[in-house]
Amino acid sequence: MCGIAGILDYSGASNDLVLEQMRDSLVHRGPDNGNQSSWKGACFLGLAHRRLAIIDPSDSGNQPMHFKHLSVVFNGEIYNFKAIKKELLLCGHSFETASDTEVLLHAFYEWNLDAVNRFKGMFALALVNHQSQQLYLFRDRFGVKPLYYFHKDKTFLFASELKAFHGHPAFKKELNQASLAHFFLFGNVPAPESIFENTFKLMPGSCLRVNILDLTFSNLIYWYPKATEEIMPAIHFEEAKIRVKSLLEASVIQRTVSDVPLGLFLSGGYDSATVAGILTQHTGSLKTFTVSVPDIGLDEGPKARQIAHHLGTDHTEIECSADEARRVIPKLPSIYDEPFSDSSAIPTYLVAKETVKSVKVALSADGGDEFFGGYNRYRYYYKIPSWINRLPTALGRGVEATVGALNLKNLKAQRVAKFSRLIGNFSLETYMKAMTYSVSEEFVHQLLREPHRVKGLPFVESHSPISTLMLNDTVNYLPNDILHKVDRATMAVGLESREPFLDDELYLALAQLPDAFKCTPRASKILLKDIAHQYIPSGILSGPKKGFAIPINDWMRQYLQQELRYFSSLEFLNKQRLFHAEFANKEVQQFLKGNDAKALFVWYFYSFQSWYEEWM
């Protein structure tokens, strides 16, 4: 796992020192080594790399790496690189290192861009073909690894994180108003946008080709997780379980390739418990790590302890105080360097900070909800009454406004407000918006001074309602929130995180299965739970999963109140000129007086304003 950066510049504003500054802004992603290469002619072309040494940790694995007319910087892991290496040896290649980077480079030489279809892994990479004068940027299929790029006039930049761009003279910190609107809908800035103008995220499963000679672009989508239409309704549940278990085991074992110590984030839930069960059965000893903050009711320790004891893992329980958890909040704008408001980033960072003291690689279990049908919104969909669409839309708006006007200090206020948006306008798309948007699009129009660009994410249809909901979470929520959260929290402390559920073969196998194998009105993750019980008794795993819930409302009213009042003051807002000052101030004041109807918005507002103070 590493950090990468690069420059393609015809303006004359770039040099090796600027490239080095971009590179070393990512030192947290790669504390073990930093190198760069540059070529100067009609333009300045530079590749830079910060290395976290996992595979072949010797100096021979350092990057940028070169072979023939190709040069590469690479962030991630190719889990099947040994199998690819065998193919390349048969093609006449020879190797000087034991690294997956060298195998990747030779694969591109042998198979050109088709090589990416052979890679099992997580990656963001930049490949220069000096012969054809092309620069290629690639991102892995599900978006585990991040890759940003900036283009304006005669300058093109790319990097693993936005902070690398701030040191380049061509980069200007101009807010993208559409991204600002999206942030208040989702709590993140969804790809391909970024918070800044002229700056983008490369989409998962895609390649951006840049012609070095004239800075023209073309985009290639090499993989997209669209659910297959070839559903197998006649397949028996037991047959499906055998097939999925085999693919899941293969994916987990592939992700153990490492030349440094490896562990697992273990919660009290089915996802990580299943991965732990597979690992202990196939690899023997395993280090597991759990974080708990008992002061605030975040305590998965007892259940994780039971799972670890049953499997015989070398278990570390990290207990933090509420004060330790709160001290993470001021770090978040720097860690994420783009507005981001998933409060579970706090415990994710806490467990990563302690885990890296023992291992350099930790498996996580993200993707289980999206692939196996774990979110409550899938089950709730079955229960939406058919008559709701016959009610007048105005009634829904009235309910939402009434809820907002009442001082309701509980989560029911938020849930009723969300549900009211479905009245008179029910469809799969409006349901998904109601379940995933923090506020309505109308609210964002009232909030922002430039609201005319507000729009939702593209809605992708699949073969059934449940499959459609899962597919949209896979292409939107998973990369833009979950994977973004884990990558930044782990990389902030120099820890590599791997995601064994995010395997393309596993995904496609699950997409072919009937919805009833995943979730029903009464049950979720049906298939995964059956697999998990082959490793761990149901008595240990049963019961509600607590998750990474944080008492953020109480913290905002108690510990963050002074900052909130400052950020929402008319003086600050009028100077900032981003929000309708009276409207934003009123919403924050109502929350501070006890109204929870817009509590999620207030946390998003605080997250944005603290980011703004850090970076703008």
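None of the figures in this text is laboratory data; all of them are computed from the coordinates on show. All of these numbers come straight from a predicted model, not from anything done at the bench. In this analysis, Cβ positions are derived from the backbone assuming ideal geometry, glycine residues included, and neighbour counts consider all displayed protein chains.
Taking Cβ atoms as reference points and 12 Å as the exclusive limit, the residues near E370 contribute a net charge of -3, counting Lys and Arg as +1 and Asp and Glu as -1.
All other residues whose Cβ lies under 14 angstrom from that of N80 are scored, Lys and Arg at +1 and Asp and Glu at -1, for a net of +1. Is segment 238-308 best put as rounded, prolate or oblate by its Cα gyration tensor, with a ≥ b ≥ c the root eigenvalues, rounded for a/c under 1.5, and otherwise prolate when a/b is larger than b/c, oblate when not? Taking the square roots of the gyration eigenvalues as a ≥ b ≥ c, segment 238-308 is oblate. Normalised by the number of residues in the chain, the mean separation of alpha-carbon contacts (under 8 Å, six or more apart) gives a relative contact order of 16 percent. Prolate is the label for segment 2-221, because a/c, from the alpha-carbon gyration tensor with a ≥ b ≥ c as root eigenvalues, is 1.5 or above and a/b exceeds b/c.
For Rg/Rh (Cα atoms, Kirkwood Rh), the candidate list reads (1) 1.17; (2) 0.96; (3) 1.25; the entry that matches the value derived from this model is (2). Judged by the mean number of other Cβ atoms found within 10 Å, the most tightly packed of the peptides 92-102, 114-124 leads the ranking 114-124, 92-102.
Would you calculate, for the chain, the mean residue ellipticity at 222 nm contributed by helices, counting each DSSP H stretch of 4 or more residues as -39,500 (n - 2.57) and dividing by all residues, to the nearest 500? Dividing the helical sum by the residues of the chain leaves -11000 deg cm²/dmol. Among the trypsin sites (Lys or Arg not before Pro) in segment 524-585, those located in a DSSP loop and surrounded by at most 12 other Cβ atoms within 10 Å of their own Cβ are R577.
Legend: distances between Cα atoms for K145/K173; K145/K226; K68/K120; K163/K586; K331/K357; pairs beyond 28 Å are K163/K586. Averaging Cα coordinates gives a centre for segment 334-353 and one for segment 571-590; these two points are 26 Å apart. Scalar couplings 3J(HN,Hα) for segment 554-567, obtained by applying the Karplus form with A = 6.51, B = -1.76, C = 1.60 to θ = phi - 60°, are 4, 5, 5, 6, 9, 9, 10, 4, 4, 5, 4, 5, 5, 5 Hz; x denotes Gly and Pro.
Cβ crowding within 10 Å ranks S427, S386 as S386, S427, fewest other Cβ atoms first. Remark: C320, C91 ranked as C91, C320, counting other beta-carbon atoms within 10 Å and listing the fewest first.
Modelled label positions at S358 and A250, each set 7 Å beyond Cα in the direction of Cβ, lie 3.1 nm from each other.
Computed from phi, the 3J(HN,Hα) profile of segment 347-354 under the Karplus parametrisation 6.51, -1.76, 1.60 (θ = phi - 60°) reads x, 4, 5, 4, 5, 5, 4, 8 Hz, with x in place of Gly and Pro.
Work through the residues other than H49 whose Cβ is under 12 Å from its Cβ and net out their charges, Lys, Arg +1 and Asp, Glu -1.
Summing Lys/Arg as +1 and Asp/Glu as -1 gives +1.
Derived scalar couplings between HN and Hα for segment 575-589 equal 6, 5, 6, 10, 10, 6, 4, 5, 5, 4, 4, 4, 5, 5, 5 Hz in order, rounded to whole Hz, by the Karplus curve 6.51 cos²θ - 1.76 cosθ + 1.60 (θ = phi - 60°), x for Gly and Pro.
Neighbour counting of Cβ atoms within 10 Å sorts the residues M491, M556, M203, fewest neighbours leading, into M203, M556, M491. Here segment 57-109 is assigned +1 on the Cβ of each Lys and Arg and -1 on the Cβ of each Asp and Glu. Its dipole about the Cα centre then comes out at about 160 debye.
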